[in-house]
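S.K.: A single structure is presented below for examination.
Nothing in this text is a laboratory measurement; each read-out follows from the coordinates by a stated rule. Predicted, not measured: the structure shown is a model, and the values here were computed from it. Here the Cβ is made from the backbone with ideal geometry for all residues, glycine too, and neighbour counts use every protein chain on show.
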């Protein structure tokens, strides 16, 4: 569901407007980093910040972002990725310990085609239970036919050489 269909109050409308803007000046997550918009912060350091998602899929849904503006994983510095990975592991453990879910889902969407709505790199950390209504599913029938090894090798080569 798109955020704009949920915008019933002024804060939601402000969020919907900000999320469509690009660049660090108008980026809602950059505004959170600068303290211009309130956030329920879980932790922060010089490189990144973790805070609660204001539209949680489940109670305990957090976001981990780099403080510097990167649109997505395609333009982030490798050292920042390494730091985010370390802090993601820590945040995932904390969410697991606090919320006691059946599992924890970590999701990164890179670009609008992948479902990214806020143009600032962010990693969702979502506690999950077997009986929850949230679904992150592969298309039906994707396991009906195994890929041919030759095709897998061909695509692996394309990716390796890119």
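S.K.: So if each residue of separation counts as 0.36 nm, and I subtract the Cα-Cα distance between residue 132 and residue 90, what length gain in nm does that give?
M.R.: 12.8 nm
S.K.: Let me have the relative contact order for the chain, percent, based on Cα pairs under 8 Å that are six or more residues apart.
M.R.: Normalised by residue count, the contact order of the chain is 20 percent.
S.K.: Further, regarding this structure: Where does helix 10-19 land angle-wise versus the long Cα axis of the chain, in degrees 0 to 90, nearest 10?
M.R.: 50
S.K.: Under a 10 Å cutoff between Cα atoms, tell me which one of 111, 60, 141 has the largest fluctuation in the Gaussian network model of the chain.
M.R.: Result for the chain, Cα springs under 10 Å: 141 fluctuates most.
S.K.: So between residue 52 and residue 25, what do we pick up on full extension, going 0.36 nm a residue minus the alpha carbon distance?
M.R.: Roughly 7.6 nm would be gained on extension.
S.K.: Using a Gaussian network model on the chain with a 10 Å cutoff between Cα atoms, which of 143, 87, 34 fluctuates the most?
M.R.: In the Gaussian network model the winner is 143.
S.K.: I would also like to ask the following. Could you check the simple spin-label distance between residue 140 and residue 45, using points 7 Å along Cα→Cβ, in nm with one decimal?
M.R.: Placing both labels 7 Å beyond Cα along the Cβ direction yields 4.5 nm.
S.K.: Once R0 is set to 41 Å, what does the formula 1/(1 + (r/R0)^6) return for the Cβ-Cβ distance between residue 148 and residue 82, expressed as a FRET efficiency to the nearest 0.05?
M.R.: Once the sixth-power term is evaluated, E becomes 0.70.
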